[in-house]
Amino acid sequence: MIRGIFQWLSDHRLINFLLVISYVLFLIFAHDSFVNLSVVVMNSLSLPVYNRVVATTSLIVLLALIGLIYRAFNSKMQVDKQGFLFASLVLSGLVFHFFVFTEMNIEFIHAMEFGLLSAIIYPLFGRYGAAIICALPVMLVDEWYQYIILYPDYVEYFDLNDILLDLLGAGLFLSIVKLFLGAPKSQPLSLFRRPELYILLSMVGVTIILLATSQVVPYTNFANENTWLVLNAIKIDYAFWRVHPVIGSTYHVLEPIYGLITVFGVCLIYLAMDLTRSPK
């Protein structure tokens, strides 16, 4: 079934492209509606009950994914064993993110949202790394939109924690796809012939230029007349752990420079998903 869906999308590129565009618009512009709905549910249940419900739901989804991966690995059908390795590593990363970087349990919906986005981008290119790197600008725009447009009086920093979560979700979905599809049947492009590598390097280069010219700065005290984006504008001092000023949760906020390095580094690692051969 999975093979059939992706083959159909690959054969109907225009429909696939329109599906991607529609879903991107939905992700960005429906965000506020879902946040408002989440707040209503949280207030009606109370925060402790709401967190338990979200955590239980997330655990059920996680166990279902683990079951799917385990079943695929042990089935008689041909699966890509490297996909099992990628899925296991990404699941470990999601667990680590939950205990270290997650501000609210409901944020794990990011992993599902952008996992689906990367999965529907994949048939356009037929390469896993390309799907994730093409999803990265959407992740960045989504966080910028929340930070600057939707919640400028509430959100105090450009949330690289969420972007890392988005990437982990994308990696999880695509590693499951890789379990069933493997690498492309045709001769894969070498790393240095892949456009997505140069798209990623271009994004790194633009980021370095913006930081060097102070158009984007890590903290408020670095800002000047050229600055249009401060990545971290948190006013209250905090150490490794930050306590959320409203709900009281404790989590680590990725420092801007380290966060950017982590995000781009994870994308570079994902390019390796295309280096393995298809199962025979």
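The values are calculated or read from the model by the stated rules, or taken from the named source; none is laboratory data. This structure is a prediction, so every number in the text was calculated from the model and none was measured. Methodologically, a virtual Cβ is constructed for each residue, glycine included, from the backbone with ideal geometry; neighbour enumeration extends over all protein chains shown. We work out accessible area using only protein heavy atoms, side chains counted, and drop any ligands, DNA or RNA first. Shrake-Rupley method; radii C 1.70, N 1.55, O 1.52, S 1.80 Å.
Tabulated data
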item: Candidate set from region 227-280 (those that are without any contact (Cβ under 8 Å) to a residue 40 or more places away in the chain and among the aromatic types (F, W, Y)); member that is most open to solvent (accessible area, probe 1.4 Å); result: Y258
item: Residues being open to solvent by 10 Å² or more (accessible area, probe 1.4 Å) and either outside any helix (DSSP H, G or I) or touching a Phe, Trp or Tyr at 6+ places or on another chain (Cβ under 7 Å) (or both) - total across region 123-133; result: 3
item: Hits in region 141-167 (condition: in a helix (DSSP H, G or I), open to solvent by 40 Å² or more (accessible area, probe 1.4 Å) and within 25 Å of I247 (Cα to Cα)); result: W144, Y145, I148, I149, L150
item: Test: residue in region 73-90 that is loosely packed, with under 13 Cβ neighbours inside 10 Å and at pLDDT 85 or above; result: no
item: I5 vs. criteria buried (at least 18 other Cβ atoms within 10 Å of the Cβ), more than 18 Å from the chain's Cα centre (by Cα), more than 27 Å from E156 (Cβ to Cβ) and aliphatic (A, V, I, L, M); result: no
item: In region 52-72, the residues that are under 22 Å from N105 (Cα atoms), surrounded by fewer than 19 Cβ atoms within 10 Å (Cβ to Cβ) and either of a type in the set (V, I, T) or at pLDDT below 75 (or both); result: V53, T56, T57, I60, V61, I66
item: Residues located in region 211-226, provided they are among the aliphatic types (A, V, I, L, M) and open to solvent by 40 Å² or more (accessible area, probe 1.4 Å); result: L211, A212, A223
item: Close pairs from region 84-105: first in contact (Cβ under 8 Å) with a residue 24 or more places away in the chain, partner open to solvent by 30 Å² or more (accessible area, probe 1.4 Å) and aromatic (F, W, Y), Cβ under 6 Å, at least 6 apart; result: F84/F73
